[in-house]
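Undergrad: Sharing a structure below in structure tokens format, with a few things to ask.
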Amino acid sequence: MSLATTGYDTSTVARPVRVSSVVLFVLVAGGYALGSQLAFSWFGADGTSSSFFPAAGVTLAALVLVRLAQWPVVLLAAGSAEFLVDLSHDLGAAASAGYVVANLTQPLVGAALLLAAVGRADLGRTRDLMAFLALAVVLAPAVGGALGATTFVLLDDGEGWGEFAAEWWVGDGLGVLVVGGAILSLSSTVARPLTRAPLVEGLVLTVAAVLAASAVLRLEWFALVYVPLALLVVTAFRVGTRGVALMGAAIAFVIAQATAEGHTFWNSLDVAPTTALVYLQLGIGIVVASALALAAEITERERMAGELARTETERAVALDRARALEGERNARQRAELLERHAAQLAAAASREAVASVTVGGLETIGVSSAWVQAVEDGELVVLASSGVPAENLNRYGRYPLGVETPPAEAARRAALVEVRTGAELDRRFPRASAGRERLRYESLVSAPLRAADGRVLGVLSLTAAQKYWLDGTRRQLVIGLAEQCGLALERAQLQVEADRAAADAALLARLGEELERATTTAERADVLCEALADDLGAFSVVHVVDDPGGVRIAARRDPGQRAAFDDATLATQAQRALVSSNVVIESVHGLRVFTAALRARGRALGTLTLANDAGAGRMTTVLVQRIATRAALALDNALLYEQERDVSHSLQLGLLGGRPEGMRGTEIATVYLPATAGLEVGGDWYDVFDLPSGHRAFVVGDVVGHGLEAAVAMGQLRGAVRALAPVGTPADLLANLDLFVESVPEAAMATLAYAELDPATGRLRYACAGHPPPVLVSSSAEPRLLWEGRTAPLGSTIGGTREHAQDALGSDEILLLYTDGLVERRDVGLDEMLETLLAAATRAGSSCDALVEELQASLVTHVLEDDVCMLATRRVDVTRFSRAFPADADEIGRLRHALDEWLWHVGIATPKRRELVLAVSEAAVNAAEHAYGFDHVGTVRVSVESGPDGIRASVADDGTWREPAAESDRGRGTTIIRALMDDVSIETDGNGTVVRMRATTAPPVRR
Amino acid sequence: MTPDSLTIAHEIREGAAVLRVRGELDLTTAEQLDAAIDATEAASVVLDLSTVLFVDSAAIRVIDVAHRRLRGGGRAFYVVAPPQSRAAWTFRVAGFGDQVVVPSADDAFRRLADAGDPPV
């Protein structure tokens, strides 16, 4: 029995019966007197043998039922009744008093023990019933019996203490059991309530039991002896404790009555009638006690069942209450979440920060993953996420709005999109299935993030492992989060846009400046890429349109070393952009690739491709378009310049005609250096041509201005010089040119240095029209500037009569003409530059080539702001060539080249020239090798003369010559010489060796 | 052009080392040629002088020595000098035979392919 541990509800514990002491006294005294009288009248004619004593039950029941304070009333009433009844039955006062004591002690002990054991006993409870049976029915009557028997023996002059005590015990026990039990049962609060139906049933059963018992005893129908027993059991089940108590009492009274009237069935038993009665009483007591126990047990069970049912109900109620509490708590939690969220959002400065705050701390409401995407350029871009694997972010970090996903739909419809189960997602959004597998969710909700004006700025998506996660309150929460996030996003975006606009403006301004600084398309494309890589951290490529409609890369930068693109991919992208009016956007390897056509004056010049990590940087189509527009203008301008320059350059190069050829008799070196600072070519030119007089004319000129016009004017002026030079003197030429430039305004103010040379004599006539002075450079003397023959630039109105001057060009002198680009520097004065020029010329007077090389090296050390033109010439002595050089193998090559050139000037044709060069070269090698062993010290002298009988050459050394064996290595050179030349003689003496050789030639070709 | 400018391109064709020489072959550059020939490891060496601008006796000496050296080692050696080339002219002047000098690279390889007739 575990109910004791589960505990009774205190409300079901029997409370003392409230009754006034007077009424109590009357009831107890009356009841006791009646019971006592019955006992006397039924059982004990002699008053000493009360084998069934109902009064004992009255006293005990009264004590159990009333408050402790009223116990004296009960005891007084019972004692008074006992005393009076005893006296009335002629018992002595002492004996009566003794019986009073016994009859009061007995219930007092029973009630007190019972009270101590179980509190206020309620026979509906098995435990109380057991205590009642043990303490009140068995134990207390034993005490009473002992006292009564003692009284009987000592005061009543009786005999047989034991027998008296036993009879008392049994009789009072039965009285307590059936009468006290009945009273207590009827007053039970826990026993099955005696409603009308069981009351009727109990009465019917009791009547049946009484009839059966009467039949047994009075009619001696012993066959019916078990009927009352069976009926007790039935009553225990059907009616409960009260029914059993009533029936037990009834049966006990009936038996007692019948016995008293002599209807006994134990006469046949071989025992004393008193003993038999005790047995009967005991039997009745046991049966009734058993039935009571059964009834109590049944009641207990029923009550337990009821209790359990009630507990269940209570539990359900408690659960409901708990749920309600939890709902309340959740609501509070959500409110707190929204509040915290709002507070954090207020502090978030960027869109990313806003998104990051929004996706945080949602686990508490069962969210397994959350992410915020922004709507950008028709795409959804993840700003922040929580619980989303990197793989998902890589794959879905950015995708077009048109893709069928819950977030995209939420953005398109500007409405909350809910997916309640994984199966639903797979059905409605098949493309999101793969993502779901990784995120492992069942529920997904995507809420649009709206600006104050309702524009959808982004989408908040939440997932939960639970199906049907989005209940009413969560929906409210999600909507709340989305509202707050949307507004914060708008605020952050406005700030970001303002910052971005400022940065964009700065970038465009910077681009403008840097593009201005560069000049050519290649440079500008490069500057563009550099600036974009620097400012945006972007991979950038400029393609320019090629002639056949293709594109080629003009510049590229890859600051992140991404190198994710091959040229073919880039070219494809460029081609797409060229035919598109919009910026073409692609996502390649996690990069966003923007390509915009560079259009200017309705023409696509090329494309600009910019790529950056998706989400990184601040590139937008708008910015890319603006950059492209700015860049296109710059490139277009550069392209225009370049085209003009290319034309000018071609024209100029065509007019200059490269190195003058076929000018036998004069060594000539020319240099033309286009300006490097700008795009424009200048109008510089040089020219060499022969005059009908046999003299040779040298011209260096400079047309004012740059570009195509200057080049054209230069061409015309050059032609005019050639046409007008034969007409008169140099002064006449300039005067005629003055007239000429009147009709060619672009050529006006051109400057010119003009010189006529007689190669044979060296007679020189020259004139300078506003041009720097020519220089005469000598290998043996200081160079000098030719300041004579100076007049104003062509077409000048302030100049006087044109003049020219005369001079002579020695055989070892070089005439140098040049344009002002060589000596005009912003940072150095003209005089100083001329000094520098003369100093450089002093160092390199050996040949025309050496001179111009030295001048270029010494003077052209800066960025050329103007073209530089140089023309150097020297007369060649076509009768004699002589060289002296140290015994150094390297000298042999130089000798060969110089000799070959001299022979050309002489007019020797190629096959013969080749033979002469090889022969002289072999002889020189022999001299350097065999005479000196290439000691770099001994001198080899070569002399070649051109005469009517051909070419005579001599190679001389001062060493010791040994005639080599013909077939030896050394002899091979000699063999060759002999094979090539007509006459060969080798003369050796103590001072050295001279090899003389002669080759017959055709008469020299003289000009 | 400086006298000492000489470039020698080295390639392997059909198992033979082909040296293509450009520039002037004279006393100063002959050693460079000698070293280049010496550096070859193939069984056959073809020295292509089609485009040289000048050849002197020093270069001829180097070629002659190289020829002897290679032949001594059982290796084949041909010098390509088209008839109109400067090299062919010099070889003629120097009396070089046409057993080693061939007019074209294809001729050289034709002779190399003829296994039964190793070059002298």
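The values are calculated or read from the model by the stated rules, or taken from the named source; none is laboratory data. Being a predicted model, the structure only gives us computed values, none of them experimental. Neighbour counts run over all protein chains shown; Cβ positions are idealised from the backbone, glycine included.
Undergrad: Which of the following residues is at pLDDT below 90 and surrounded by 13 or more Cβ atoms within 10 Å (Cβ to Cβ): B:Thr7, B:Thr29?
TA: Testing whether each residue is at pLDDT below 90 and surrounded by 13 or more Cβ atoms within 10 Å (Cβ to Cβ) leaves just B:Thr29.
Undergrad: So how many residues does segment B:1-54 have that are under 18 Å from B:Val101 (Cα atoms), of a type in the set (Ser, Thr, Tyr) and touching a helix residue (DSSP H, G or I) at 6+ places or on another chain (Cβ under 8 Å)?
TA: Looking only at that region, the number is 2.
Undergrad: Give me a count of the residues in segment A:550-562 that are under 26 Å from A:Ala503 (Cβ atoms), among the small types (Gly, Ala, Ser) and surrounded by fewer than 18 Cβ atoms within 10 Å (Cβ to Cβ).
TA: So the answer is 1.
Undergrad: If you don't mind, there's one more thing I want to ask. Among the residues of segment A:707-733, what is the count of those that are touching a residue at least 40 places away in the same chain (Cβ under 8 Å) and closer than 22 Å to A:Gln652 by Cα?
TA: Number satisfying all stated conditions: 9.
Undergrad: List, please: which pairs have Cβ atoms under 7 Å, are six or more places apart or on different chains, and start with a residue in segment A:969-994 that is at positive phi and more than 10 Å from chain B (Cβ to nearest Cβ) and end with one that is at pLDDT below 80 and part of a helix (DSSP H, G or I)?
TA: Between residues of segment A:969-994 that are at positive phi and more than 10 Å from chain B (Cβ to nearest Cβ) and residues that are at pLDDT below 80 and part of a helix (DSSP H, G or I), the close pairs are A:Gly992/A:Ala931.
Undergrad: Which of the strands (runs of 3 or more DSSP E) contained wholly in segment A:571-651 include at least 3 residues that are farther than 18 Å from A:Glu530 by Cα and touching a Phe, Trp or Tyr at 6+ places or on another chain (Cβ under 8 Å)?
TA: Correct list: A:584-588.
Undergrad: Inspect all residues belonging to segment A:890-902 and state whether any of them is closer than 17 Å to A:Thr879 by Cβ, surrounded by fewer than 21 Cβ atoms within 10 Å (Cβ to Cβ), within 13 Å of another protein chain (Cβ to nearest Cβ) and in contact with an Asp or Glu (Cβ under 9 Å, 6 or more places away or on another chain).
TA: yes
Undergrad: Got at least one residue in segment A:969-979 being of a type outside the set (Val, Ile, Thr), at pLDDT 90 or above and either over 19 Å from B:Phe54 (Cα atoms) or out of contact with any strand residue (DSSP E or B) (no Cβ under 8 Å at 6 or more places or on another chain) (or both)?
TA: Looking for residues that are of a type outside the set (Val, Ile, Thr), at pLDDT 90 or above and either over 19 Å from B:Phe54 (Cα atoms) or out of contact with any strand residue (DSSP E or B) (no Cβ under 8 Å at 6 or more places or on another chain) (or both), one finds none in segment A:969-979, hence no.
Undergrad: Tell me which residues, restricted to segment A:80-94, are surrounded by fewer than 21 Cβ atoms within 10 Å (Cβ to Cβ), part of a helix (DSSP H, G or I) and among the small types (Gly, Ala, Ser).
TA: Result: A:Ser80, A:Ser88, A:Ala93, A:Ala94.
Undergrad: Name the one entry in A:Val179, A:Val190 that is modelled with pLDDT of 80 or more and not aromatic (Phe, Trp, Tyr).
TA: Within the list A:Val179, A:Val190, the selection yields A:Val179.
Undergrad: Next up: Let me confirm something: among B:Ala9, B:Ala59, B:Ala94, which residue is touching a Lys or Arg at 6+ places or on another chain (Cβ under 9 Å), small (Gly, Ala, Ser) and closer than 24 Å to A:Met981 by Cβ?
TA: B:Ala94
Undergrad: For segment A:531-549: of the residues being part of a helix (DSSP H, G or I) and in contact with a helix residue (DSSP H, G or I) (Cβ under 8 Å, 6 or more places away or on another chain), which is surrounded by the most Cβ atoms within 10 Å (Cβ to Cβ)?
TA: So the residue we want is A:Leu532.
Undergrad: Does A:Ala725 fit the bill of being assigned to a strand (DSSP E or B), in contact with a Phe, Trp or Tyr (Cβ under 9 Å, 6 or more places away or on another chain) and not hydroxyl-bearing (Ser, Thr, Tyr)?
TA: When the stated conditions are applied, A:Ala725 does not pass them.
Undergrad: Also: Among residues belonging to segment B:72-87 that are in a helix (DSSP H, G or I) and within 14 Å of chain A (Cβ to nearest Cβ), point out the one that is farthest from B:Val101 (Cα to Cα).
TA: The extreme case among them is B:Arg86.
Undergrad: What's the total number of residues in segment A:903-918 that are of a type outside the set (Phe, Trp, Tyr) and away from chain B (no Cβ under 14 Å)?
TA: Adding up the residues that qualify gives 6.
Undergrad: Out of A:Gly98, A:Gly57, report the one residue that is in contact with a Gly (Cβ under 7 Å, 6 or more places away or on another chain) and either over 25 Å from A:Ala291 (Cβ atoms) or buried (at least 24 other Cβ atoms within 10 Å of the Cβ) (or both).
TA: Residue meeting the stated conditions: A:Gly57.
Undergrad: Right, something else. I'm told A:Leu449 meets every condition in (1) touching a Gly at 6+ places or on another chain (Cβ under 6 Å); (2) surrounded by fewer than 21 Cβ atoms within 10 Å (Cβ to Cβ) except one. Can you identify the failing condition by its number?
TA: Tallying (1) touching a Gly at 6+ places or on another chain (Cβ under 6 Å); (2) surrounded by fewer than 21 Cβ atoms within 10 Å (Cβ to Cβ), A:Leu449 fails exactly one: (2).
Undergrad: Looking at A:Ala857, is it within 14 Å of another protein chain (Cβ to nearest Cβ), out of contact with any Asp or Glu (no Cβ under 7 Å at 6 or more places or on another chain), without any contact (Cβ under 8 Å) to a residue 24 or more places away in the chain and within 26 Å of A:Leu815 (Cα to Cα)?
TA: So A:Ala857 fails the test.
Undergrad: How about segment A:404-425: which of its residues are within 17 Å of A:Val375 (Cα to Cα) and in a helix (DSSP H, G or I)?
TA: Those that are within 17 Å of A:Val375 (Cα to Cα) and in a helix (DSSP H, G or I): A:Pro406, A:Pro407, A:Ala408, A:Glu409, A:Ala410, A:Ala411, A:Arg412, A:Arg413.
Undergrad: From A:Ala414, A:Ala447, A:Ala423, which residue is in contact with a strand residue (DSSP E or B) (Cβ under 6 Å, 6 or more places away or on another chain) and over 20 Å from A:Gly387 (Cα atoms)?
TA: Answer to the check: A:Ala414.
Undergrad: Would it be correct to say that A:Asp122 is buried (at least 23 other Cβ atoms within 10 Å of the Cβ) and either in contact (Cβ under 8 Å) with a residue 24 or more places away in the chain or farther than 15 Å from A:Pro16 by Cβ (or both)?
TA: So A:Asp122 fits the description; yes.
Undergrad: Something else: Identify the single condition in (1) at pLDDT below 85; (2) closer than 15 Å to A:Ala39 by Cβ that A:Arg125 does not satisfy, given that it satisfies every other one.
TA: (2)
Undergrad: Would you check if there is a residue in segment B:49-71 being away from chain A (no Cβ under 14 Å), closer than 14 Å to B:Ala16 by Cβ and in a strand (DSSP E or B)?
TA: Scanning segment B:49-71, I find no residue that is away from chain A (no Cβ under 14 Å), closer than 14 Å to B:Ala16 by Cβ and in a strand (DSSP E or B), so the answer is no.
Undergrad: Please count how many residues of segment A:676-711 are modelled with pLDDT under 90, surrounded by fewer than 19 Cβ atoms within 10 Å (Cβ to Cβ) and assigned to a loop (DSSP other than H, G, I, E, B).
TA: Number satisfying all stated conditions: 4.
Undergrad: Next question, about the same structure. If you go through segment A:426-441 one residue at a time, how many are part of a helix (DSSP H, G or I) and modelled with pLDDT of 85 or more?
TA: Going through segment A:426-441 one residue at a time, the tally reaches 4.
Undergrad: Scan segment B:1-30 for residues that are facing chain A (nearest Cβ under 10 Å) and acidic (Asp, Glu) and jot them down.
TA: B:Asp4, B:Glu24, B:Asp26
Undergrad: Could you tell me which residue of segment A:807-835 is nearest to A:Val777 (Cα to Cα), considering only residues that are buried (at least 17 other Cβ atoms within 10 Å of the Cβ) and not aliphatic (A, V, I, L, M)?
TA: In this case the residue turns out to be A:Glu813.
Undergrad: If you don't mind, there's one more thing I want to ask. What number of residues within segment B:55-70 satisfy the criterion of being over 16 Å from B:Asp98 (Cβ atoms) and surrounded by fewer than 19 Cβ atoms within 10 Å (Cβ to Cβ)?
TA: 3
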